[in-house]
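Asker: Okay, handing you the structure first.
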Amino acid sequence: MKITTLTTMFSRWFSNAADIPDSIRITAPMLVSLGVFYSLGFTSAGISGLITAWLLGVQARNLPYLKRLQILSISIIVTVVATYLAFLVFSDMWLSAITLCSIAILYGLMSNQRPHIRLFGYNFGFIYIMAIHFASVGDSLTIVLMANVFAGFCVMLSSLMLWPFFKGRILHQHTVTVHNALADWLNELRLSNNESQLAARRQFFYQSAHNLAYYSNSVSSSKRALQIKIELQRLLEMSEYIICLEQVLSFDIHATTRIKLFEWIEKSAQQLKNKQQITATFATNEYNNTVYIIDIIENFKRCYNFDTFSSPDNSKNIYLFTNDSEAFISDFRLALKFNSKEWRHAGKIAVTLAVTQFLTEFYHLPQGYWISLTAFIVLLTSSMAVTNHRIWNRFSGTSLGGIYCFICLYFVPPQYLLLLTSISVFFSFTSYHKERYDIHVFWLTSMIVFAISLLSPDNTYVSFYRIIDTLFGVTIAFSVNYFIAPSWTMTWLDRHTASMIKSQILYVAVLNKPQWEQKINLYQSQQRYYSLNGEVMNLLKEPNLSPRTSKDWLSLLVLIQRLNDALLLATKLGIQSDKPQSTTRWINQLQWIKQTFPDRCKHGEMPPFYTETKIAPIPDDMLCALIEKDIQQLIAWMMYQRAFVV
């Protein structure tokens with residue numbers, strides 16, 4: 001085997017060099033909490049502090065400093081409440097089980113929240129299950145509570161200690177990243193006509209913009225924060241004109257016009273990269289549709305060169321600037337709706353934990369709380385495919401980690417257990433950033449087994465108990481996931497698609513309305529597209545998915561995004577007033593697609609086209625032609641899905 005291959009395999013187990021500081025930020029409070037209380041003779045409390053520091057440290061990842069302070073302050077309170085509640089109800093088996101199921105339902109209803117908000121429910125359930133065990137074996141509430149609070153403050157210290165030194169630098173880096181991402185995306189238009197490459201550039205820009213919007217919350221000066229948001233709003237406006245240029249280049253424009261447009265893009269991208277005013281000019285000619293290109297270019301230059309932006313109404317940009325409290329209320333209302341995906345997920349977790357608690361109590365399993373924890377962890381997401389992936393990786397990583405721990409416990413003297421625990425803690429969170437769940441679970445298992453071995457150093461078989469508990473937890477989660485409350489992604493896709501098409505209908509309906517009203521519909525359409533995109537990506541991970549099904553849904557995503565981009569172009573340039581019949585026809589065609597979509601694979605007649613919805617010839621006007629073509633492609637996709645009638 002080549003050395004490069006071995007190096008690649010080995011590197012998958014560890015972080016990149018840039019991730020090491022964040023790994024140290026997470027691991028340091030864990031080791032301090034364990035070491036302090038272990039040295040004082042309170043090993044159980046030390047293990048509790050280790051786990052609490054792990055949960056809170058991960059929650060503070062990728063957040064701006066001010067947001068970390070807010071989130072960690074709330075998390076410490078959540079930790080105290082979960083610990084106290086566990087010690088309060090542990091003596092009553094039924095009350096304990098009901099409380100656990102209630103926590104599971106609450107967490108399931110929060111599964112559509114932003115990650116750091118969703119982790120409040122996850123951490124509450126995890127700490128509660130652990131504290132139930134500590135209470136049942138007779139540990140002191142005061143000591144365990146002190147360890148958890150100590151761990152929380154250690155996490156807060158490690159997460160915030162560099163705030164005075166790096167706040168401005170990080171914000172500057174985010175600003176530069178967004179600016180360069182926009183320039184690279186613009187330059188990519190002349191280098192490639194590959195849709196996937198352009199989509200990757202677009203995704204990187206919007207992700208960078210999202211990070212900058214989030215970090216702007218950490219700026220203590222409200223005036224400075226407003227300046228950052230105004231500048232970001234300017235760049236987002238420019239990105240919409242880049243999307244318009246993408247649409248123009250996808251049209252069959254004259255070869256001379258295309259060459260001159262490429263020349264303008266090259267010069268403008270270079271000036272944008274160097275943060276200079278855009279002075280490049282587009283030489284006009286007499287070919288059709290040139291007026292559209294001139295309008296896009298002039299608006300792009302005006303948006304960048306002149307300070308014409310006023311204070312932005314951030315509340316309208318629901319995708320980037322909505323604060324946590326508004327987002328929480330909005331998402332929680334959606335989760336509470338009858339027959340929502342979140343209700344099903346909540347019920348699934350509650351049933352699973354009820355079964356694990358019953359088996360633990362009925363068979364008096366030692367350390368049976370690991371069964372509940374395993375089931376709780378693998379049911380972190382509601383997607384069937386992602387859950388299956390986590391189930392397999394959880395079992396394989398735990399099995400290999402258990403064997404590794406047994407070998408270490410058998411051959412390594414007990415006095416080195418604390419060192420082994422420290423090594424496992426570090427490696428478990430240097431592999432955390434790789435998103436390789438099985439490798440992370442391997443080191444996480446070794447960390448937990450070595451930590452528990454500190455309680456009974458002579459018990460070398462604790463790793464086998466850990467594997468058995470994990471096998472039980474995984475089996476129960478698998479059974480509930482498949483046989484009691486399955487939640488296949490395909491059952492939810494139609495709902496997301498119908499919602500997406502509805503947003504397109506509303507978008508078309510306001511093309512002649514004021515700009516601010518069009519903007520609201522644009523943001524709503526973007527949000528629904530990303531929801532649909534996430535569901536399709538989950539679908540691709542499901543087992544036994546046919547190649548045709550996966551390609552069909554990927555192609556639908558592309559067609560919907562093309563239509564959304566064409567409508568954005570119409571928003572920027574405006575539909576001419578002498579063509580109102582076009583928007584009426586588009587609305588009727590999209591309504592036909594929405595009405596037909598749920599029954600697309602069934603036998604029988606489709607709902608008829610009305611006279612005004614019949615497919616019309618592609619017009620010469622570029623703006624209308626792009627929208628007509630995209631809607632016709634959606635209709636063709638619908639026809640392709642029809643079942644063959646024998």
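The values are calculated or read from the model by the stated rules, or taken from the named source; none is laboratory data. A quick note: this is a predicted structure, and the numbers were derived from the prediction, not measured. With ideal geometry, Cβ positions are generated from the backbone for all residues, glycine too; neighbour counts draw on all protein chains shown. Note: areas computed on protein heavy atoms with side chains; ligands, DNA, RNA excluded. Shrake-Rupley method; radii C 1.70, N 1.55, O 1.52, S 1.80 Å.
Asker: Looking at (1) aliphatic (A, V, I, L, M); (2) closer than 30 Å to D139 by Cβ; (3) open to solvent by 20 Å² or more (accessible area, probe 1.4 Å), which one does A509 not meet, given that it meets all the others?
Answerer: Going through the list (1) aliphatic (A, V, I, L, M); (2) closer than 30 Å to D139 by Cβ; (3) open to solvent by 20 Å² or more (accessible area, probe 1.4 Å), A509 breaks only (2).
Asker: Further question on the same structure: Is one or more of the residues making up the stretch 80-92 over 30 Å from T43 (Cβ atoms), open to solvent by 30 Å² or more (accessible area, probe 1.4 Å) and of a type in the set (S, T, N, Q)?
Answerer: Going residue by residue through the stretch 80-92, those that are over 30 Å from T43 (Cβ atoms) are none.
No, the stretch 80-92 contains no residue that is over 30 Å from T43 (Cβ atoms), open to solvent by 30 Å² or more (accessible area, probe 1.4 Å) and of a type in the set (S, T, N, Q).
Asker: Only one of these conditions is not met by Y482: (1) under 21 Å from I51 (Cβ atoms); (2) open to solvent by 40 Å² or more (accessible area, probe 1.4 Å); (3) hydroxyl-bearing (S, T, Y). Which number is it?
Answerer: Y482 satisfies all of (1) under 21 Å from I51 (Cβ atoms); (2) open to solvent by 40 Å² or more (accessible area, probe 1.4 Å); (3) hydroxyl-bearing (S, T, Y) except (1).
Asker: Could you list all residues from the stretch 351-369 that are part of a helix (DSSP H, G or I) and either open to solvent by less than 10 Å² (accessible area, probe 1.4 Å) or on the phi > 0 side of the Ramachandran plot (or both)?
Answerer: Of the stretch 351-369, the ones part of a helix (DSSP H, G or I) are 351-363, 369.
Listed by number, the residues that qualify are T352, L353, T356.
Asker: Another question, if that's okay. Quick check, is I243 of a type in the set (V, I, T), in a helix (DSSP H, G or I) and touching an Asp or Glu at 6+ places or on another chain (Cβ under 9 Å)? Working first, answer last.
Answerer: On the way: of a type in the set (V, I, T): yes; in a helix (DSSP H, G or I): yes; touching an Asp or Glu at 6+ places or on another chain (Cβ under 9 Å): yes.
It is true that I243 is of a type in the set (V, I, T), in a helix (DSSP H, G or I) and touching an Asp or Glu at 6+ places or on another chain (Cβ under 9 Å).
Asker: Criterion first (in a loop (DSSP other than H, G, I, E, B), among the hydroxyl-bearing types (S, T, Y) and either over 21 Å from L373 (Cβ atoms) or at pLDDT 95 or above (or both)) does S23 satisfy it?
Answerer: Details: in a loop (DSSP other than H, G, I, E, B): no; among the hydroxyl-bearing types (S, T, Y): yes; either over 21 Å from L373 (Cβ atoms) or at pLDDT 95 or above (or both): yes.
No; evaluated as a whole, the condition is false for this residue.
Asker: From K502, K541, K519, grab the single residue that is open to solvent by 10 Å² or more (accessible area, probe 1.4 Å), outside any helix (DSSP H, G or I) and among the charged types (D, E, K, R).
Answerer: Numbers: K502 fails: outside any helix (DSSP H, G or I); K519 fails: outside any helix (DSSP H, G or I).
Sole residue among the options that is open to solvent by 10 Å² or more (accessible area, probe 1.4 Å), outside any helix (DSSP H, G or I) and among the charged types (D, E, K, R): K541.
Asker: Does at least one position in the stretch 405-413 carry a residue that is at pLDDT 85 or above, closer than 30 Å to L540 by Cα and open to solvent by less than 10 Å² (accessible area, probe 1.4 Å)? Show your work before the answer.
Answerer: To start, the set of residues in the stretch 405-413 that are at pLDDT 85 or above comprises 405-413.
Of the ones still in play, those that are also closer than 30 Å to L540 by Cα are none.
No, the stretch 405-413 contains no residue that is at pLDDT 85 or above, closer than 30 Å to L540 by Cα and open to solvent by less than 10 Å² (accessible area, probe 1.4 Å).
Asker: May I ask you to say which residue of L557, L568, L532, L573 is at pLDDT 85 or above and within 30 Å of I294 (Cβ to Cβ)? It would help to see each step written out before you state the result.
Answerer: Numbers: L557 fails: within 30 Å of I294 (Cβ to Cβ); L532 fails: within 30 Å of I294 (Cβ to Cβ); L573 fails: at pLDDT 85 or above.
Exactly one of L557, L568, L532, L573 is at pLDDT 85 or above and within 30 Å of I294 (Cβ to Cβ), namely L568.
Asker: Tell me whether the stretch 149-157 contains one or more residues that are open to solvent by less than 20 Å² (accessible area, probe 1.4 Å) and either among the basic types (K, R) or modelled with pLDDT under 90 (or both).
Answerer: Applying the first criterion (open to solvent by less than 20 Å² (accessible area, probe 1.4 Å)) to the stretch 149-157 yields 151-152, 155.
Narrowing further to those that are either among the basic types (K, R) or modelled with pLDDT under 90 (or both): none.
Checking the stretch 149-157: not a single residue is open to solvent by less than 20 Å² (accessible area, probe 1.4 Å) and either among the basic types (K, R) or modelled with pLDDT under 90 (or both).
Asker: Looking at the stretch 462-478, can you tell me whether even one residue there is part of a loop (DSSP other than H, G, I, E, B) and open to solvent by 20 Å² or more (accessible area, probe 1.4 Å)? Show your work before the answer.
Answerer: Taking the stretch 462-478 and keeping what is part of a loop (DSSP other than H, G, I, E, B), we get none.
Looking through the stretch 462-478, none of the residues is part of a loop (DSSP other than H, G, I, E, B) and open to solvent by 20 Å² or more (accessible area, probe 1.4 Å).
Asker: Here is a further query. Could you list all residues from the stretch 95-113 that are over 21 Å from I329 (Cβ atoms) and touching a residue at least 12 places away in the same chain (Cβ under 8 Å)? Before you say what the answer is, go through the steps one by one.
Answerer: First pass over the stretch 95-113, keeping only residues over 21 Å from I329 (Cβ atoms): 95-101, 104.
Across the stretch 95-113, the qualifying residues are S96, A97, T99, L100, C101, A104.
Asker: Would you point out the residue of the stretch 162-199, among those that are of a type in the set (A, V, I, L, M) and open to solvent by 60 Å² or more (accessible area, probe 1.4 Å), that is farthest from the chain's Cα centre (by Cα)?
Answerer: Of the residues in the stretch 162-199, the ones of a type in the set (A, V, I, L, M) are 162, 170-171, 176, 178, 181-183, 186, 189, 191, 198-199.
If we keep only those that are open to solvent by 60 Å² or more (accessible area, probe 1.4 Å) as well, we get 162, 191.
Numbers: L162: 26, L191: 30 Å.
It comes out as L191.
Asker: Give the stretch 214-252 a look and list any residue that's small (G, A, S), closer than 22 Å to R202 by Cβ and open to solvent by less than 20 Å² (accessible area, probe 1.4 Å), or say none.
Answerer: Here is the first cut: in the stretch 214-252, the residues small (G, A, S) are 216, 218, 220-222, 225, 239, 250.
In the following step, the residues that additionally are closer than 22 Å to R202 by Cβ were identified as 216, 239, 250.
S216, S239 - these are the residues of the stretch 214-252 that are small (G, A, S), closer than 22 Å to R202 by Cβ and open to solvent by less than 20 Å² (accessible area, probe 1.4 Å).
Asker: Within the stretch 22-50, take every residue that is surrounded by 24 or more Cβ atoms within 10 Å (Cβ to Cβ) and of a type in the set (A, V, I, L, M) and give me the one that is farthest from the chain's Cα centre (by Cα).
Answerer: Across the stretch 22-50, the extreme among qualifying residues is A45.
Asker: Something else: In the stretch 218-236, which residues are in contact (Cβ under 8 Å) with a residue 40 or more places away in the chain and either in contact with a helix residue (DSSP H, G or I) (Cβ under 7 Å, 6 or more places away or on another chain) or not hydrophobic (A, V, I, L, M, F, W, C) (or both)?
Answerer: Just the residues of the stretch 218-236 that are in contact (Cβ under 8 Å) with a residue 40 or more places away in the chain, to begin with: 218-220, 226, 228-236.
The answer is S218, V219, S220, I228, K229, E231, L232, Q233, R234, L235, L236.
Asker: Hey, can you tell me all the residues within the stretch 131-142 that are part of a helix (DSSP H, G or I), surrounded by fewer than 19 Cβ atoms within 10 Å (Cβ to Cβ) and touching a residue at least 24 places away in the same chain (Cβ under 8 Å)?
Answerer: Quick first cut of the stretch 131-142, residues part of a helix (DSSP H, G or I) only: 131-136, 141-142.
Filter once more, keeping what is surrounded by fewer than 19 Cβ atoms within 10 Å (Cβ to Cβ): 136, 141-142.
Scanning the stretch 131-142 gives S136, L141.
Asker: Does the stretch 171-188 include one or more residues that are aliphatic (A, V, I, L, M), in a helix (DSSP H, G or I), modelled with pLDDT under 90 and closer than 22 Å to R114 by Cα? Reasoning before the result, please.
Answerer: Narrowing the stretch 171-188 to residues aliphatic (A, V, I, L, M): 171, 176, 178, 181-183, 186.
With the extra rule that they be in a helix (DSSP H, G or I), the set shrinks to 171, 176, 178, 181-183, 186.
Okay, now just the ones that are also modelled with pLDDT under 90, so 171.
Pick out the ones that are also closer than 22 Å to R114 by Cα and you get 171.
Yes, because at least one residue in the stretch 171-188 is aliphatic (A, V, I, L, M), in a helix (DSSP H, G or I), modelled with pLDDT under 90 and closer than 22 Å to R114 by Cα.
Asker: While we're here: Quick one: which of R344, R394 is surrounded by fewer than 21 Cβ atoms within 10 Å (Cβ to Cβ), touching a residue at least 60 places away in the same chain (Cβ under 8 Å) and assigned to a helix (DSSP H, G or I)?
Answerer: Values: R394 fails: surrounded by fewer than 21 Cβ atoms within 10 Å (Cβ to Cβ).
Exactly one residue qualifies, and that residue is R344.
Asker: If you don't mind, another one. Does S422 count as surrounded by fewer than 21 Cβ atoms within 10 Å (Cβ to Cβ) and in contact (Cβ under 8 Å) with a residue 60 or more places away in the chain?
Answerer: Working: surrounded by fewer than 21 Cβ atoms within 10 Å (Cβ to Cβ): yes; in contact (Cβ under 8 Å) with a residue 60 or more places away in the chain: yes.
For S422, the condition - surrounded by fewer than 21 Cβ atoms within 10 Å (Cβ to Cβ) and in contact (Cβ under 8 Å) with a residue 60 or more places away in the chain - is met.
Asker: Also, I was wondering about something else. Looking at this structure, is F205 assigned to a helix (DSSP H, G or I), over 20 Å from C303 (Cβ atoms) and not basic (K, R)?
Answerer: Numbers: assigned to a helix (DSSP H, G or I): yes; over 20 Å from C303 (Cβ atoms): no; not basic (K, R): yes.
The answer is no for F205.
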